[in-house]
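Engineer: Have a look at this one.
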Amino acid sequence: MLATTTAAPSWKQLLRYVIPAASAMVLFSLYTVIDGILVAHGVSESALTSVNISLPFINVLSGLSILLSMGASTLCAFALGRGKKREAEEIFTQTVVVMVILSAAITAGVLLFTEELALFLGAGPQTLENAVTYLRIVSVFSVCFILSYCLEVMVKVDDSPVLATVGVAVAAVVHVGLAYVFIFHFHWGVAGSALATGLAQLCSLIVFLIYFVGGKSDLRFRKFRFQAKTLLRSLPLGVADCSIEFMLGFLTVLYNNLLFLLFGESHQTIYAVIAYLSLLVFMVMQGIAQGMMPLVSVAVGKGDRKAIRFYFLRSLVLVVGAEVLIVAACLLLPQRFAAILLSTDSPLFTQAVAALRQYALSYLLAGINILLAGFFTALGHGKASCLLSLSRGFVLLPAAILVLSHLTGGQAIWIAALAGEGLSFVLGLVLLKRITASPAPLPAQEAEPAV
């Protein structure tokens with residue numbers, strides 16, 4: 001188990017967690033992108049836009065799962081670092097039960113108000129029918145989306161990071177395979193894409209349940225007494241990571257509605273191209289942060305400041321390196337990326353290429369902001385993590401997009417993301433300086449909170 005690891009901090013130990021975490025996130029985003037490619041070429045560009053308009057719902061499901069599971073996993077790691085396995089298992093079990101109840105409520109709500117939800121997300125006359133179809137089918141699998149990610153995170157705390165990659169890989173293979181069959185052979189269109197998405201998450205959930213229920217894990221389900229304090233304490237610690245999903249969903253809604261108002265429904269397809277690429281980029285960065293977090297959290301539990309510094313700085317090197325490579329590729333080969341989802345004959349192709357070049361510059365700072373928020377969470381500084389994550393996703397980025405779009409008549413709508421990430425970066429540095437300069441003890445060294 002992770003908490004019992006006594007090896008000195010090293011690149012090998014960091015990569016042992018970062019590679020599986022990043023691989024799992026890349027696989028998750030990659031099969032989503034492949035699904036988009038199949039819809040674009042097997043159905044239509046309008047259908048692709050409909051799916052992209054609906055994706056914020058999946059972002060919300062993932063975000064809720066991350067909100068609960070990342071905070072709970074941090075508390076579990078703290079408990080394991082103190083040698084309290086029973087407490088960790090009670091936190092784990094309570095989190096799973098809460099997620100199942102939440103999933104049922106979400107499914108019922110979406111099935112009752114599907115069309116209203118689609119219109120809120122930005123669907124127009126050309127995309128409404130497909131968006132409603134997609135949302136209804138995916139909502140049935142809400143529990144699979146929410147619970148599969150939770151268990152994926154918990155297997156890392158249980159010192160089985162490779163299994164996280166296996167579970168996501170199973171989902172990827174099932175998703176791509178079924179989507180191809182449903183779209184190209186059964187001709188089910190958007191409905192086939194939605195069904196493949198849901199069934200893939202179900203298969204991933206089964207993989208993780210076999211691990212935890214089959215006696216292979218050290219971390220087990222056990223009887224528990226519901227502790228609202230534990231749930232409330234875990235929420236701030238999960239905000240950093242869940243804000244990425246919520247932010248992607250929120251920005252998708254913002255961009256789709258703004259583009260509809262400024263340029264018309266057809267321009268929503270341009271953002272669909274950017275949104276799919278951004279999903280891949282952000283998941284890489286989030287994967288690096290998630291790989292770092294359990295190592296830092298356990299180091300906090302042990303009071304090992306040297307290990308905390310080591311894992312943060314090495315993770316920063318990985319993030320910056322990935323950012324430079326991704327942005328360089330987007331600037332040099334934007335046509336290749338755009339052509340993955342759009343036909344080169346599309347009247348929007350040239351505009352999509354130009355938009356991608358501008359938007360990609362924001363990736364230079366996005367990864368660092370994601371890592372900083374994750375680092376604050378791993379340290380147990382939930383308030384700092386919340387402040388950076390929420391400010392970035394729901395204040396600074398949206399404000400930059402709205403203000404610059406208004407001032408330029410929509411011409412700066414794509415470069416505005418760089419301005420928003422720049423403001424978030426400054427805030428992150430201020431928070432980091434305050435935390436590192438504080439003489440206060442690490443959270444895990446303080447008196448034990450009532451859980």
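Engineer: With a probe of 1.4 Å, find how much accessible area segment 51-194 has per residue, and write the answer as a whole number in Å².
Structural biologist: Accessible area per residue: 34 Å².
Engineer: Moving to a separate point now. Which listed residue (200, 181, 381) has the Cα farthest towards the positive end of the charge dipole for the chain, taking +1 on Lys and Arg C-beta and -1 on Asp and Glu C-beta about the Cα centre?
Structural biologist: So the residue furthest toward the plus end is 381.
Engineer: I would also like to ask the following. Only Cα pairs under 8 Å and at least 6 apart count here; give the relative contact order of the chain as a rounded whole percent.
Structural biologist: 23
Engineer: With only Lys, Arg, Asp and Glu charged, each at its Cβ (+1 for the first two, -1 for the last two), find how big the charge dipole of the chain is about the Cα centre; round to the nearest 20 debye.
Structural biologist: 1660
Engineer: In whole Å, largest first, what are the principal axis extents of the Cα atoms in segment 308-367?
Structural biologist: Principal axes ranked by extent give 51, 16, 16 Å for the Cα atoms.
Engineer: Turning to a different aspect of this structure: Which one of 298, 171, 28 is farthest out on the positive end of the charge dipole of the chain, using unit charges on Cβ (Lys, Arg +1; Asp, Glu -1) and the Cα centre as origin?
Structural biologist: Of the listed residues, the answer is 298.
Engineer: Leaving out same-chain residues fewer than 8 places away, which lysines sit with a Cα under 21 Å from that of residue 229?
Structural biologist: Qualifying lysines at Cα under 21 Å: 84, 85, 383.
Engineer: Mind putting a number on the dipole of segment 1-150 about its Cα centre? Charges go on the C-beta only, +1 for Lys and Arg and -1 for Asp and Glu, and I need it in Debye to the nearest 20.
Structural biologist: Charge dipole of segment 1-150: 820 debye, to the nearest 20.
Engineer: So, with a 1.4 angstrom probe, what is the percent of accessible area on segment 4-148 that is carbon and sulfur?
Structural biologist: Roughly 68 percent of what the probe reaches on segment 4-148 is carbon or sulfur.
Engineer: Lys/Arg Cβ at +1, Asp/Glu Cβ at -1, dipole of the chain taken about the Cα centre: which of 126, 350, 93 is farthest positive-ward?
Structural biologist: Highest projection toward the positive end goes to 93.
Engineer: If segment 25-136 were replaced by its equivalent ellipsoid, with semi-axes equal to the square roots of 5 times the Cα gyration tensor eigenvalues, what would those be, largest first, whole Å?
Structural biologist: Working from the Cα gyration tensor, I get semi-axes of 36, 17, 9 Å.
Engineer: Where the accessible area of segment 149-191 is counted over protein heavy atoms with a 1.4 Å probe, how much of it, in %, is carbon and sulfur?
Structural biologist: 78
The values are calculated or read from the model by the stated rules, or taken from the named source; none is laboratory data. None of the values given here were measured: they were computed from a predicted structure. With ideal geometry, Cβ positions are generated from the backbone for all residues, glycine too; neighbour counts draw on all protein chains shown. The protein model used for the area step is the full one, side chains on, heavy atoms only, and it has no ligands, DNA or RNA in it. Shrake-Rupley method; radii C 1.70, N 1.55, O 1.52, S 1.80 Å.
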